[in-house]
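A.B. asks: If you scroll down you'll find the structure; I have some questions about it.
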Amino acid sequence: MPFDKLQKFFAGPAPHLSREDAMKVFKRDQFQCQYCGLDGLHQFSNWMILTIDHIHPHAHGGARKMENLVTCCQPCNVIKGKRLFKSFEDAKAFVLKRRNEWEHLYVQQAKVAERTAASHHKA
């Protein structure tokens with residue numbers, strides 16, 4: 001078992017980012033997802049899905065320092081995951097490309113679902 005896994009096993013998970021520090025990141029980023037631009041400042045329901053992302057993932061040794069933290073919506077955070085990127089710009093490009101792919105897939109699936117629902121109502 002690698003040392004970092006042993007350390008997590010005995011010491012437990014790393015402490016969470018404090019609420020105060022998270023608010024500093026949100027304020028700096030104007031409550032806006034730094035990947036897709038979701039506005040959490042003017043829409044409460046958007047604010048509810050904002051999180052803090054480690055540009056260099058904490059799971060890969062990324063620091064909990066302001067320069068490594070950005071405001072991120074949950075969907076973008078899930079898409080980025082624990083992947084490593086050379087820069088924030090590379091991570092953003094990956095996330096936006098994947099969001100676009102997923103949106104295209106969603107539109108296709110929604111059309112199929114609508115046709116299926118319409119054919120069931122006619123029967």
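A.B. asks: Every residue in segment 84-98 that is aliphatic (A, V, I, L, M) and either surrounded by fewer than 16 Cβ atoms within 10 Å (Cβ to Cβ) or modelled with pLDDT under 95 (or both), please.
C.D. replies: Passing the criteria: Leu84, Ala93, Leu96.
A.B. asks: Same structure, new question: Applying the selection to segment 85-123, what residues are of a type in the set (Val, Ile, Thr) and either touching a Lys or Arg at 6+ places or on another chain (Cβ under 7 Å) or closer than 15 Å to Ile55 by Cα (or both)?
C.D. replies: Residue satisfying the conditions is Val95 alone.
A.B. asks: Looking only at segment 62-80, which residues are in contact (Cβ under 8 Å) with a residue 12 or more places away in the chain and either over 15 Å from Leu17 (Cα atoms) or assigned to a strand (DSSP E or B) (or both)?
C.D. replies: Within segment 62-80, Leu69, Val70, Thr71, Cys72, Cys73, Gln74, Pro75, Cys76, Asn77, Ile79, Lys80 meet the criteria.
The values are calculated or read from the model by the stated rules, or taken from the named source; none is laboratory data. Keep in mind the model is a prediction, meaning the values are calculated, not measured. Note that we place each Cβ from the backbone using ideal geometry, even for glycine, and neighbour counts take in every protein chain shown.
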